[in-house]
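Presented below is the structure to which this report refers.
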Amino acid sequence: MDRLRVIDFAAGDPFYNMALDEAIARRIGSGRGPPTLRLYGWSPSAVSIGYFQEVREEVDLDFCRSKGVEVVRRLTGGGAVIHTEGELTYSFAVKEGDPAVPKDVQGSYARICTPIVAALRRLGVDAAFRPINDIEVQGRKVSGSAQTRRFGAVLQHGTLLLDMDFALLPALTVRAEKLKDKGAADVRGRVTTLKEILRRDLNKERVGALVAEEFGRGFECELMRGSTSKEEEGLVPELAERYRSREWLFRR
Amino acid sequence: MERSATRKFSGGKLLKVTVRSEAGVIQEVRITGDFFVHPEDAVEDMERALRGATVTAVRGILEGKVEGGGITTVGFKLDDLISMIEGCAG
């Protein structure tokens, strides 16, 4: 990977967000898209659930409906996440087999999370990667990531909590057993935000730019500011339709 | 008869298995949770392969799948999944 396309921060509809990540991965996998780092946000707020999760076990659908929170099933495994306005989300995709990303899954999480940890440290936050797929500050999660390897590509997307609308947390019905060994009684205790740590508001565009810079440094590649291609945009509507469908949401 | 089991593994991932069986024969298996499996389709593939199997055949079927397909599980081990399915079906 000599060059990394960077798609600058923009807030998007949840179904569009997931569709675009998939479109990017599909194009890369078929050899017709560049390695890409995309920075984005969620509008409206949404819960995303992991590919293998049962939606009824993880999400309070009535609560989501009453608050206008969308629910979408991801292409990636992992757990349910509430994405609110304060979140900076990233997706990183390269062709499978690219030497920049280790073949072993655990190693590749560590590799791809390294620039994010570096960006956090530049902000003055004492962040550390915690296997399998989290980044923590003082034992509390500030970022979580999930990966898929499909279409001939490796796609990893994840969160970075600059801030969070904690009032929307009841959207998740997290089981107590999930949090026990992480020393937290509930999600509120397990999760922290950069705003809580630094006691100031951060700008998503600026932190996104910092993250991109660290990807360039960490992967020793040139950053190319870019936008989505016509081909990617062409794939999005049909993919977004699938992500929006009840069939996809309730498949588990 | 439907039985389900949930286990949480070191690293924090949760695996839930639900098995519907009749007279010792598996009718349906559902494997859910916040783990990772690559390729992802392997999970549905396993669920399909177990339909109509007896408890004693579970291990052979799943080990066969993993051997043939270059399947990676993250968050749990294949042995864990096998014993959970056997426990629910037996």
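Of note:
- Checklist (1) closer than 26 Å to A:Ser43 by Cα; (2) open to solvent by 20 Å² or more (accessible area, probe 1.4 Å) applied to A:Gly124, failing item: (1)
The rows are residues; the columns are (1) over 29 Å from A:Thr173 (Cβ atoms); (2) at pLDDT 95 or above; (3) of a type in the set (Phe, Trp, Tyr).
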position	(1), (2), (3)
B:Phe9	no, no, yes
B:Lys16	no, yes, no
B:Phe35	no, yes, yes
B:Ala49	yes, yes, no
B:Ala53	yes, yes, no
B:Gly69	yes, no, no
B:Thr73	no, no, no
B:Ile85	no, yes, no
B:Ala89	no, no, no
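- Where a residue in the stretch B:29-49 is more than 10 Å from chain A (Cβ to nearest Cβ) and its partner, wherever it lies, is open to solvent by 10 Å² or more (accessible area, probe 1.4 Å), with Cβ under 6 Å and at least six apart: B:Val29/B:Glu47; B:Ala42/B:Ile71; B:Met46/B:Lys65; B:Ala49/B:Ile61
- Hits in the stretch A:83-112 (condition: open to solvent by 10 Å² or more (accessible area, probe 1.4 Å), closer than 29 Å to A:Lys195 by Cβ and within 14 Å of chain B (Cβ to nearest Cβ)): A:Ala110
- Taking residues in the stretch A:130-149 that are under 20 Å from A:Arg74 (Cβ atoms) and facing another protein chain (nearest Cβ under 7 Å), and partners anywhere that are part of a strand (DSSP E or B) and not polar (S, T, N, Q), the pairs with Cβ atoms closer than 6 Å and at least 6 places apart or on different chains are A:Thr148/A:Leu155; A:Arg149/B:His38.
- Residue list for the stretch B:10-28, restricted to those being within 11 Å of chain A (Cβ to nearest Cβ) and closer than 15 Å to B:Phe76 by Cα: B:Ser10, B:Gly11, B:Gly12, B:Lys13, B:Leu14, B:Leu15, B:Lys16
- Flag for A:Ala119 being of a type in the set (Gly, Ala, Ser) and open to solvent by 30 Å² or more (accessible area, probe 1.4 Å): no
- Applying the criterion of at least 3 residues that are open to solvent by 60 Å² or more (accessible area, probe 1.4 Å) to the helices (runs of 4 or more DSSP H) found wholly in the stretch A:190-252 leaves A:204-218, A:230-244.
- Looking across the stretch A:1-60, just one residue is within 14 Å of another protein chain (Cβ to nearest Cβ), of a type in the set (Ser, Thr, Tyr) and assigned to a strand (DSSP E or B), and that is A:Ser48.
- Residue list for the stretch A:102-127, restricted to those being over 13 Å from A:Ser145 (Cβ atoms) and β-branched (Val, Ile, Thr): A:Val125
- Count of the stretch A:25-64 residues, restricted to those that are more than 13 Å from A:Leu75 (Cα to Cα), of a type in the set (Val, Ile, Thr) and out of contact with any Pro (no Cβ under 9 Å at 6 or more places or on another chain), is 3.
- The stretch A:127-151: number of residues that are on the phi > 0 side of the Ramachandran plot and open to solvent by less than 50 Å² (accessible area, probe 1.4 Å): 1
- Going through (1) modelled with pLDDT of 95 or more; (2) part of a loop (DSSP other than H, G, I, E, B); (3) under 28 Å from A:Leu75 (Cβ atoms) one by one, A:Val174 falls short only on (1).
The values are calculated or read from the model by the stated rules, or taken from the named source; none is laboratory data. Just so we're clear, the structure is a prediction, and the values are computed from it rather than from any experiment. Here Cβ is always computed from backbone atoms with ideal geometry, including for glycine, and neighbour counts include all displayed protein chains. We work out accessible area using only protein heavy atoms, side chains counted, and drop any ligands, DNA or RNA first. Shrake-Rupley method; radii C 1.70, N 1.55, O 1.52, S 1.80 Å.
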